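Trainee: First the structure, which I've put down as structure tokens, then a few questions once you've had a look.
What follows draws every value from the coordinates through simple rules; no lab data is involved. Computed from a predicted model, the values in this text were never measured in an experiment. Positions of Cβ are backbone-derived with ideal geometry, glycine not excepted, and every protein chain shown enters the neighbour counts.
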Amino acid sequence: MNRRKFVRNSILVSGGIVFSGAAFAGKTKNTSSKLTILHTNDTHSNIDPFPSNHAKFANMGGVSRRFELIKKIREEEENVLLLDAGDIFQGTPYFNKYGGVLELKIMSILGYDAATMGNHEFDGGMDGFLKATEFANFPFVCANYDFSNTLLNGKTQENVIIQKGSLKIGIFGIGVELEGLVPKDKFGATIYRDPIEVANQQAEILTKKDCDLIICLSHLGFEYASNRVSDKVLAKSTKNIHLIIGGHTHTFMEKAFEEKNLEGKSVLINQTGWGGLYMGRIDLEFQSESFTKKNTGKEVVIVR
């Protein structure tokens with residue numbers, strides 16, 4: 001199989017701050033196409049902007065600004081993918097009152113294409129999560145949580161394939177170990193499967209389905225001082241994954257990080273902090289023959 005090449009530019013945007021990156025390689029086809037990936041993580045029920053008296057993030061964030069920014073980018077770009085890496089729930093009284101329903105209704109209005117589960121998606125128990133997902137018109141992808149013996153059996157997907165223009169994008173989800181992090185009664189008979197083993201399995205499945213791009217939505221965390229599995233460890237221990245969109249550690253990244261996989265090929269890792277303060281943007285330009293390093297990203301800002 002020929003390898004498609006793509007130019008990557010990653011941008012983390014909020015309040016006028018723009019960061020952009022370099023280039024790496026993916027799969028090949030006969031035409032040139034561009035994909036813009038927008039992503040969030042650990043929004044934690046932050047619907048409103050942070051208060052004006054907040055010591056660090058005064059007047060920043062808020063769903064309405066994110067909505068306007070997403071709308072603007074969709075008007076400018078033909079192929080836009082919108083993803084979330086988990087911990088949508090818990091953090092403000094909105095979750096206490098509505099149990100996650102409001103958050104998923106809003107994400108549906110914003111047009112999210114897919115999300116994965118974070119540990120806080122279990123805060124209302126599996127029945128609470130199930131009730132809230134009735135209002136989500138996008139799939140939750142969770143490949144290493146085995147829900148076979150729970151009421152969530154069949155309610156999530158291991159992976160999803162999304163078509164954007166001529167591009168076929170495979171997306172799967174990997175979650176953090178729940179034991180010791182979430183009360184046992186909240187996740188019940190859920191079986192936790194090894195994230196590295198499962199990620200390799202999912203990437204192979206999606207490769208065989210001829211996906212142009214394979215994305216892992218991860219809620220493992222970016223990195224740890226210990227040997228605990230993180231996004232960096234996952235990237236180094238797998239193959240066929242092009243992009244890891246992460247969460248859990250609330251890591252503010254000024255630019256996306258590139259790690260080498262088992263085959264020595266580049267994997268892009270990005271995370272956007274927490275609270276909906278920032279939204280990630282990654283522009284991929286797929287080319288049939290070769291690629292050069294260049295900046296194709298547009299300056300996009302959230303207007304205060």
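Trainee: Among the listed pairs K72/K105; K105/K155; K186/K208; K97/K155, which have their C-alpha atoms separated by more than 26 angstrom in this model?
Mentor: K186/K208
Trainee: Separate question: DSSP beta bridges in segment 5-287, what fraction antiparallel, as a percent rounded to 5?
Mentor: Taking every DSSP beta bridge within segment 5-287, about 60 percent pair in antiparallel fashion.
Trainee: A follow-up question, please. Tabulate in residue order the Karplus-calculated ³J(HN,Hα) for segment 160-173, using 6.51 cos²θ - 1.76 cosθ + 1.60 with θ = phi - 60°, rounded to whole Hz; enter x for Gly and Pro.
Mentor: For segment 160-173, the Karplus curve yields 9, 10, 10, 9, 10, x, 8, 9, 10, 10, x, 10, 9, x Hz.
Trainee: Could you give the length gained by full extension between R193 and K260, i.e. 0.36 nm per residue of separation minus their alpha carbon distance, to one decimal place?
Mentor: Between R193 and K260, full extension yields 21.8 nm more.
Trainee: To continue, here is another question. Once phi is turned into ³J(HN,Hα) by the Karplus curve 6.51 cos²θ - 1.76 cosθ + 1.60 with θ = phi - 60°, what whole-Hz value does each residue of segment 107-120 show in order, with x for glycine and proline?
Mentor: After applying 6.51 cos²θ - 1.76 cosθ + 1.60, I find 4, 5, 5, 5, x, 4, 8, 6, 8, 10, 8, x, 4, 6 Hz.
Trainee: Moving on to the next point. If we sort 203-215, 154-166, 76-88, 126-138 on the protection proxy, mean other Cβ atoms within 10 Å, highest first, what's the order?
Mentor: On the way: 203-215: 19.6, 154-166: 15.6, 76-88: 22.0, 126-138: 17.2.
Descending packing order for the listed peptides: 76-88, 203-215, 126-138, 154-166.
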